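Rule-based calculations on the coordinates, nothing more; no lab input. From a predicted model like this one, the values you see are computed outputs, not experimental measurements. Here the Cβ positions follow ideal geometry from the backbone for every residue, glycine too, while neighbour counts run over all protein chains shown.
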């Protein structure tokens, strides 16, 4: 049995700002951008991983969610308290400089970690923490 990751989800509060970041700053391809059940279904992905898509979705995309639930999720997103995403890069320092030069909100400059990677961290326009790591050579 062969199981592979096909899609993962990142909550965003503004699809246009998210697209400007994921497409224009990170260089991801826009795979789809369509209306879906009163929402916007947007997927992006790395050209190096054509079989993996990131779905950019509202913080609580369930059609039966209450207004109170949606408000709570929006508050958590704004505070950066939803789960982050870790991307692999072949050059952590160059990735850091490119994202910082584009105005990315820096959370951590590149540093060698004791668990075998060099990494840095940013917030995307919605507040999600994104880490970029590069395996350390041993």
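Observations, loosely collected:
- Centroid-to-centroid separation of the range 38-111 and the range 1-29 [C-alpha atoms, Å]: 7 Å
- With the convex hull of its Cα atoms as the shape, the range 60-138 has an orientation-averaged projected area of 6.3 nm².
- From least to most packed, judged by other beta carbons within 10 angstrom and beginning with the fewest, 17, 79 follow the order 79, 17.
- Helical content of the chain, expressed as a calculated mean residue ellipticity at 222 nm, amounts to -5500 deg cm²/dmol (DSSP H runs of 4 or more residues, -39,500 (n - 2.57) each, divided by residue number, nearest 500).
- Equivalent ellipsoid dimensions for the range 7-135 as semi-axes, Å, which come from the Cα gyration tensor, largest first: 26, 17, 12
- Approximate spin-label separation residue 37-residue 68, in nm, with each point projected 7 Å along Cα-to-Cβ: 2.3 nm
- Between residue 3 and residue 93, the FRET efficiency estimated from the beta carbon spacing at R0 = 25 angstrom works out to 0.15.
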